[in-house]
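Contents: one structure, followed by commentary.
The values are calculated or read from the model by the stated rules, or taken from the named source; none is laboratory data. Everything quoted here is computed from the prediction, not taken from an experiment. Backbone-built Cβ (ideal geometry, glycine too); neighbour counts: all protein chains shown.
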Amino acid sequence: MSVFDHSRDFLRRIYVDAEKMRMAIWKELQNVEQELVVWGELKEEDRTFLAEAEYADEILAITINDYLPRRSHVLHNELLNRNWTDPVTEAVRRLEKKLGRDISFEKAFCVIIAYLPRMTWWDPDNRAISKIINGLRYAGVVRRDTWDKMVFMVMGDVDREHPRTEVYVFEQDRIIPVVLSAISIMKEKAKNTGGKTGVIHNF
């Protein structure tokens with residue numbers, strides 16, 4: 001193993017340790033604030049929340065004041081659930097309580113936009129996307145996170161001043177017909193020109 005491999009492995013371990021430490025600090029902050037609420041020293045609405053939710057024009061919008069960590073062996077860690085799944089679920093439930101109604105989608109289209117603090121190359125499938133999806137499911141926003149009940153896409157952007165993750169959920173019929181129409185047009189053009197579209201099934 002070269003010196004560069006050793007350096008890379010060392011940095012990976014440091015990254016994982018830093019993520020664990022950050023999550024542990026958040027867990028302890030939650031515990032302290034919950035104790036303060038119990039003793040009447042802090043109002044429930046004044047607690048520190050990682051995520052906030054809004055609902056307008058039949059679109060659920062959730063802003064998480066953090067950007068998704070990389071997938072690693074902490075992916076299934078309980079602390080990762082606490083930092084990503086629970087805040088999403090709690091944000092939706094607070095909003096539902098405020099509105100006096102449940103928010104759910106029969107067939108959901110979910111757009112996740114990760115705003116990182118600097119321009120860098122990253123693979124969407126190497127981020128802990130499933131933790132957000134699980135948060136939506138636990139909140140009842142979607143019945144199941146199966147292919148027939150949810151479609152999602154991941155986008156990226158840069159915001160050095162306010163790195164965050166934004167989540168938008170709405171019914172599939174607002175966007176899927178447009179996608180399928182574009183595919184149909186492409187297939188028809190390929191058919192007329194004798195070209196091949198690859199492995200694309202008929203809808």
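Tell me whether region 120-129 contains one or more residues that are modelled with pLDDT of 90 or more and out of contact with any Leu (no Cβ under 6 Å at 6 or more places or on another chain). So that I can check it myself, show each step before the final result.
First, pick out the residues of region 120-129 that are modelled with pLDDT of 90 or more: none.
So far as region 120-129 goes, no, none of its residues is modelled with pLDDT of 90 or more and out of contact with any Leu (no Cβ under 6 Å at 6 or more places or on another chain).
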Which residue out of Leu29, Leu36 is closer than 20 Å to Lys131 by Cβ, modelled with pLDDT of 80 or more and not assigned by TED's automatic domain parsing to the domain that holds Asp145?
Leu29
Let me spell it out: the conditions are (1) part of a strand (DSSP E or B); (2) over 21 Å from Glu58 (Cα atoms); (3) among the aromatic types (Phe, Trp, Tyr), and Trp122 meets all of them except one. Which number is the exception?
(1)
Across region 160-187, what is the number of residues that are without any contact (Cβ under 8 Å) to a residue 24 or more places away in the chain and part of a helix (DSSP H, G or I)?
11
If we scan region 71-88, do we find a residue that is at pLDDT below 90, surrounded by 15 or more Cβ atoms within 10 Å (Cβ to Cβ), assigned to a loop (DSSP other than H, G, I, E, B) and β-branched (Val, Ile, Thr)?
yes
Out of everything in region 161-185 that is touching a Phe, Trp or Tyr at 6+ places or on another chain (Cβ under 9 Å) and over 21 Å from Asp57 (Cα atoms), what residue ends up being surrounded by the fewest Cβ atoms within 10 Å (Cβ to Cβ)?
His162
If you go through region 104-118 one residue at a time, how many are touching a residue at least 40 places away in the same chain (Cβ under 8 Å), under 18 Å from Asp57 (Cα atoms) and either surrounded by fewer than 18 Cβ atoms within 10 Å (Cβ to Cβ) or of a type outside the set (A, V, I, L, M, F, W, C) (or both)?
3
